[in-house]
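Down below is the structure, laid out as C-alpha cells.
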Amino acid sequence: MFDNLTQRLNKVVATLRGQARLSEDNIKDSLREVRMALLEADVALPVVKAFIDRVREKAVGAEVLQSLKPGQMLIKVVHQELIHLMGDANESLNLAAQPPAVVLMAGLQGSGKTTSSAKLARRLIQTEKKSVMLVSCDIYRPAAIKQLQTLAGEIEAHFFPSSPDQSPIAIARAALAEARKRFMDVLIVDTAGRLHVDAAMMAEIKELHAEMKPVETLFVVDAMTGQDAANTAKAFGDALPLTGVILTKADGDARGGAALSVRHITGKPVKFLGVGEKTSALEPFHPDRLASRILGMGDVLSLIEEVQQKVDHEQAAKLAKKLQKGKGFDLEDLRDQLGQMMNMGGMVSLLDKLPGMGNVPDAVKNQVNDKEMRRQIAIINSMTPHERRFPDVIKGSRKKRIALGCGLQVQEVNKLLKQFQGMQKMMKKMKGGGLQKMMRAMGGKMPPGMPF
C-alpha cells in the first residue's frame, strides 16, 4: 500500500534540494505533485483539498532549521498533517462496561466482517486475556454461521450456535443471555451485510443495536474500494452511532485512499488494519507509524512489536546456542527461519516497515517476494531428515527426486543449495565474535544508517 504515494513524495524532496527557504514559488509545484499523488491514491477530493490547504498554510515562509533542508521541512509538515488527517493517535477499544461488553460488527457483504470478528476475538484472547464469545446473526449468506464457528474453533473462542430459521434479534438476545450466564468478558456480534446500502439492512442493524446496546460499533470496510469506502462509512455512520472502523485487505494492491479518507469524512477513528487472511493478521492502527511508512521513513516500532509477538524466541535462542558451539547451520534451521518470516507477514511486509525502502528501485523490490520463500520451504520439505541435516549428500538423483516431490525444476533445487552454502559461510564467520570482526574489516563500506 502507498508505494506510488511514497515515490511521488520522495521526488518532491529531491526537487527542493538546494533551496534556502520555502516560498509560494518553490512550494507551488511541489504541492501540485502531492495533490496529484493523493488523488491517484484514491483519496476523496474534499480530503485532498483540506489537506493541501493546511500544508500550504504551515509550510510557506517557514524558517528552515539549521539541521534541515527545505525538502525535509516540507516532509516534516506533510508528516504532521498526515498524522492529523488519520487521527493523531491510536484509539483502542473501549471495553469499560459491565461484562459482557458487546461489540457489534457492521458493513457490506464481502468486506471481511466474519474474518475480522475472529481476528478481533483472537487479539482480545491473546493480548488482553479476555474470555470472548462469538455469535453470527447473518441468516442470509450461505455458510456464514458455519464459517464463524470454524474460525471460533481455530482461535479457541466460545461460539454461540445459531441457525438461518431464527430471527437476528432472537439470536442476539439468546447469545447475550448465554454470555452473561458464562461470565464472558466480551460478546462479538457478526451481522449480515448486503452488496450495497439498503433500507432493509439498515433497519435490521438499527434494531440489533437498540437491543444489544453495544459499547463498540465497528464498521468493517474493504480498503480496496478506495474513496467509496469513506462514502459507505458515512452512510453507516448516519444510521448508527459508530465508534470506529476496521480497514480490511490493507495488504493488497490498494492505493491507500480509504485509510486517509475515512477519519476525515466520518469523524470516526480507524482502530484496526486487516493485513492478511490469517486470524493473526490484525494490527492496531497507528496514524504516526503509517504516516512514517507513507513517507518512506519505515515503521520500526511495529516491526519490533511483531518480532516480540510472532517470533518463537525459544527456537531463536536454540539456534544461537547451536551456532555458538560451532555446530553447523543446516537446512532445517533455514526452513525454521523462513517459517518465522512468513509468520510475520513475509518479506514484503517486513521490508515495508524498514526506513528508506521508498528509495529502493522497484526492480530490486520485485526480486524479494514471498512466493520465492514458499518455494524454498517446499523444496526443503521434500527432502529427507538426513538430507536436511547433511546437505552435502544431495547429488544428481536426489535432486531429481526432491524437485519431483515439490513440483519444481532441478534448477530451483540447485539455486537453493547455492544460496544455502553462502549462508553457511556467513554463519561460520559469525561464530565466536566473528560478526564484530567481519564488521570491523568492512570498515566504512557499510551503508549509511546501519548500527555498526
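The values are calculated or read from the model by the stated rules, or taken from the named source; none is laboratory data. As the structure is a prediction and not an experimental result, all values here were calculated from the model. With ideal geometry, Cβ positions are generated from the backbone for all residues, glycine too; neighbour counts draw on all protein chains shown. Heads up: the accessible areas ignore ligands, DNA and RNA and are worked out on the full protein's heavy atoms, side chains in. Shrake-Rupley method; radii C 1.70, N 1.55, O 1.52, S 1.80 Å.
The set of residues in the range 109-132 being hydrophobic (A, V, I, L, M, F, W, C) and crowded, with 23+ Cβ neighbours inside 10 Å consists of Ala118, Leu120, Ala121, Val132.
Of a type outside the set (Gly, Ala, Ser), more than 30 Å from Lys11 (Cβ to Cβ) and either crowded, with 18+ Cβ neighbours inside 10 Å or modelled with pLDDT under 90 (or both): which single residue out of Asn369, Asn381 fits that description?
From the options Asn369, Asn381, the qualifying one is Asn381.
Filtered by the rule that a residue be open to solvent by less than 20 Å² (accessible area, probe 1.4 Å) and part of a helix (DSSP H, G or I), the range 187-201 gives a lone residue, Met201.
Considering only residues that are touching a Lys or Arg at 6+ places or on another chain (Cβ under 7 Å) and part of a helix (DSSP H, G or I), look in the range 41-55 and name the one that is surrounded by the fewest Cβ atoms within 10 Å (Cβ to Cβ). Going through the qualifying residues, I end up with Ile52.
Of note, Ala259 satisfies the criterion of being within 28 Å of Leu74 (Cβ to Cβ), crowded, with 20+ Cβ neighbours inside 10 Å, modelled with pLDDT under 85 and under 13 Å from the mean Cα position of the chain (by Cα). With respect to the numbered conditions (1) modelled with pLDDT under 75; (2) farther than 30 Å from Thr225 by Cα; (3) open to solvent by less than 50 Å² (accessible area, probe 1.4 Å), which one is the sole condition not fulfilled by Leu74? Leu74 satisfies all of (1) modelled with pLDDT under 75; (2) farther than 30 Å from Thr225 by Cα; (3) open to solvent by less than 50 Å² (accessible area, probe 1.4 Å) except (2). When the residues of the range 213-230 are filtered to those that are open to solvent by less than 20 Å² (accessible area, probe 1.4 Å) and part of a helix (DSSP H, G or I), the one that is modelled with the highest pLDDT is Ala223. Picking from residues in the range 146-171 that are of a type in the set (Ser, Thr, Tyr) and part of a loop (DSSP other than H, G, I, E, B), the one that is least open to solvent (accessible area, probe 1.4 Å) is Ser162.
Checking the structure you have, find out if any residue of the range 297-315 is of a type in the set (D, E, K, R) and at pLDDT 60 or above.
Narrowing the range 297-315 to residues of a type in the set (D, E, K, R): 299, 305-306, 310, 312, 314.
Add one more test, that the residue is at pLDDT 60 or above, and what stays is 314.
Within the range 297-315, one or more residues are of a type in the set (D, E, K, R) and at pLDDT 60 or above.
Being open to solvent by less than 40 Å² (accessible area, probe 1.4 Å) and among the small types (Gly, Ala, Ser) is a property that does not hold for Ser92. Residues in the range 387-408 that are surrounded by 14 or more Cβ atoms within 10 Å (Cβ to Cβ) and either touching a strand residue (DSSP E or B) at 6+ places or on another chain (Cβ under 8 Å) or under 15 Å from Leu334 (Cα atoms) (or both): Glu387, Arg388, Arg389, Pro391. Between residues in the range 62-87 that are of a type in the set (Asp, Glu) and residues that are open to solvent by 90 Å² or more (accessible area, probe 1.4 Å) and modelled with pLDDT under 75, which pairs lie under 9 Å by C-beta distance while being six or more apart or on different chains? What qualifies is Glu63/Arg21. Residue pairs whose Cβ atoms lie under 8 Å apart, sitting 6 or more positions apart in sequence or on different chains, and linking a residue in the range 371-397 that is at negative phi to a partner that is of a type in the set (Phe, Trp, Tyr), are Pro391/Phe420. Take the conditions (1) free of Cβ contacts under 8 Å to residues at least 40 places away in the same chain; (2) of a type in the set (Val, Ile, Thr); (3) open to solvent by less than 30 Å² (accessible area, probe 1.4 Å); Val135 misses just one of them, which is (1).
Evaluate the following for Lys130: is it charged (D, E, K, R) and in a helix (DSSP H, G or I)? If you could, list the steps in order and put the result at the bottom.
Values: charged (D, E, K, R): yes; in a helix (DSSP H, G or I): no.
In short, no.
Summed over the range 194-227, the residues that are in contact with a strand residue (DSSP E or B) (Cβ under 8 Å, 6 or more places away or on another chain) and not basic (Lys, Arg) give a count of 14.
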